[in-house]
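I have placed the structure first, in the form of structure tokens, so that the comments after it can refer back to it.
Values quoted throughout were computed directly from the atomic coordinates according to the rules given, and no laboratory measurement underlies them. Since the structure is predicted, the reported quantities are computational estimates derived from the model, not experimental observations. Here the Cβ is made from the backbone with ideal geometry for all residues, glycine too, and neighbour counts use every protein chain on show.
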Amino acid sequence: GGRQMGLASFYRGT
Amino acid sequence: MFEARLTQGVLLRKLLDSMKDLVQDANFDCSSTGFALQAMDSSHVSLIHMQLRSDGFDHFRCDRNLSMGVSLNNMAKILKCMGNDDVLTMKAEDQGDSVTFMFESANQERISDFELKLMDIDSEQLGIPDTDYSATVKMPSAEFARICKDLSTIGDTVLIAVTKDGVRFSTTGDIGSANVTVRSHSNVDKPEEQVVIDMQEPVALTFALRYLNSFAKATPLSNQVMISMSKELPVVVQYRIEDMGHISYYLAPKIED
């Protein structure tokens, strides 16, 4: 169930 | 020159075993602060952040910051050649293209060194802000591992719901459904068995069990695991490594469309 989010949606690249 | 000596060499083997299934190649960052790694899995859904502080080593020298790119699988294979009670020393030159692992048996009768070639790895680093999480659960790591494994027999995802009554792990699948609720309880005699729930507000998030089962490979590193969640944020699953640091896993949630 549900759509798997990626981490980039939450954290910015450095 | 980088040189680090760890009396409990087996610790590094356990660490590699807890990372190699998620990430193939990664950079170990050596600095005066310690020995660290941040890496995402190939699908960019989960992230490992591991840190061993320099003061946790028996000897630690790092003249200049060094990034050592390795195949985690190959490094794990080398560390499998280390005896359970061996003392481990890692050595690398500043401009070198290899890292050496030296294993010394406790009685000093056997000394071996294995050299691993380093690789150039382009890794994308993410900045993770400090967050006050809505709910934090500390529980026995073996219990968490068991729940993730058991629920995997029914479904692919788990809903983790924290309320003041406890933390509930739920799944559904083709053959049926399952729920496991863990309630907070303290045990003065056995602190490693206690469950502590620190909740600012109730939170419920869905995660892929496949990743949580990979994180549970870190169970031998710590008696307790800490699970931190906030609404619509990745979960943090952290195993503290006594007197040395931690390994933390971040996993993005699944969102209902």
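Taking region B:28-42, which residues are over 18 Å from B:Asn74 (Cα atoms) and exposed (fewer than 15 other Cβ atoms within 10 Å of the Cβ)? If the condition is that a residue be over 18 Å from B:Asn74 (Cα atoms) and exposed (fewer than 15 other Cβ atoms within 10 Å of the Cβ), then B:Ser31, B:Ser32 are the ones that fit. Here region B:98-110 is the region considered, the condition is being exposed (fewer than 12 other Cβ atoms within 10 Å of the Cβ) and on the phi < 0 side of the Ramachandran plot, and the residue that is nearest to the other protein chains (Cβ to nearest Cβ) is B:Arg110. For region B:75-95, indicate whether the set of residues that are in a strand (DSSP E or B) and without any contact (Cβ under 8 Å) to a residue 24 or more places away in the chain is non-empty. No: region B:75-95 contains no residue that is in a strand (DSSP E or B) and without any contact (Cβ under 8 Å) to a residue 24 or more places away in the chain.
What are the residue pairs meeting all of these: first residue in chain A, first residue facing another protein chain (nearest Cβ under 7 Å), second residue hydroxyl-bearing (Ser, Thr, Tyr) and exposed (fewer than 14 other Cβ atoms within 10 Å of the Cβ), Cβ atoms under 9 Å, and 6 or more apart or on different chains? If the second residue must be hydroxyl-bearing (Ser, Thr, Tyr) and exposed (fewer than 14 other Cβ atoms within 10 Å of the Cβ), the pairs left are A:Gln4/B:Ser43; A:Gly6/B:Ser43.
Report the residue count in region B:140-160 for those that are surrounded by fewer than 21 Cβ atoms within 10 Å (Cβ to Cβ), more than 14 Å from chain A (Cβ to nearest Cβ) and out of contact with any helix residue (DSSP H, G or I) (no Cβ under 7 Å at 6 or more places or on another chain). Residues flagged as surrounded by fewer than 21 Cβ atoms within 10 Å (Cβ to Cβ), more than 14 Å from chain A (Cβ to nearest Cβ) and out of contact with any helix residue (DSSP H, G or I) (no Cβ under 7 Å at 6 or more places or on another chain) within region B:140-160 amount to 4. For beta carbons closer than 6 Å, sequence separation of 6+ or different chains, a first residue in region B:5-23 that is over 22 Å from B:Cys62 (Cα atoms) and a second that is assigned to a loop (DSSP other than H, G, I, E, B), the qualifying pairs are B:Leu22/B:Asp41; B:Val23/B:Asp41. Please determine, by comparing only the residues of region B:119-139 that are more than 14 Å from chain A (Cβ to nearest Cβ) and part of a loop (DSSP other than H, G, I, E, B), which one is surrounded by the most Cβ atoms within 10 Å (Cβ to Cβ). Looking at residues that are more than 14 Å from chain A (Cβ to nearest Cβ) and part of a loop (DSSP other than H, G, I, E, B), I get B:Ser134. Can you tell me which residues in region B:1-13 are buried (at least 22 other Cβ atoms within 10 Å of the Cβ) and over 23 Å from B:Asp97 (Cβ atoms)? The one that is buried (at least 22 other Cβ atoms within 10 Å of the Cβ) and over 23 Å from B:Asp97 (Cβ atoms): B:Gly9. For the condition away from chain A (no Cβ under 14 Å), free of Cβ contacts under 8 Å to residues at least 60 places away in the same chain and either among the aliphatic types (A, V, I, L, M) or buried (at least 19 other Cβ atoms within 10 Å of the Cβ) (or both), B:Leu116 qualifies.
Among the residues of region B:191-209, write down those that are surrounded by 14 or more Cβ atoms within 10 Å (Cβ to Cβ) and either touching a helix residue (DSSP H, G or I) at 6+ places or on another chain (Cβ under 9 Å) or more than 14 Å from chain A (Cβ to nearest Cβ) (or both).
Narrowing region B:191-209 to residues surrounded by 14 or more Cβ atoms within 10 Å (Cβ to Cβ): B:193-199, B:203-209.
Result: B:Glu193, B:Gln194, B:Val195, B:Val196, B:Ile197, B:Asp198, B:Met199, B:Val203, B:Leu209.
Here region B:223-240 is the region considered, the condition is being away from chain A (no Cβ under 14 Å) and surrounded by fewer than 20 Cβ atoms within 10 Å (Cβ to Cβ), and the residue that is farthest from B:Phe35 (Cα to Cα) is B:Asn223.
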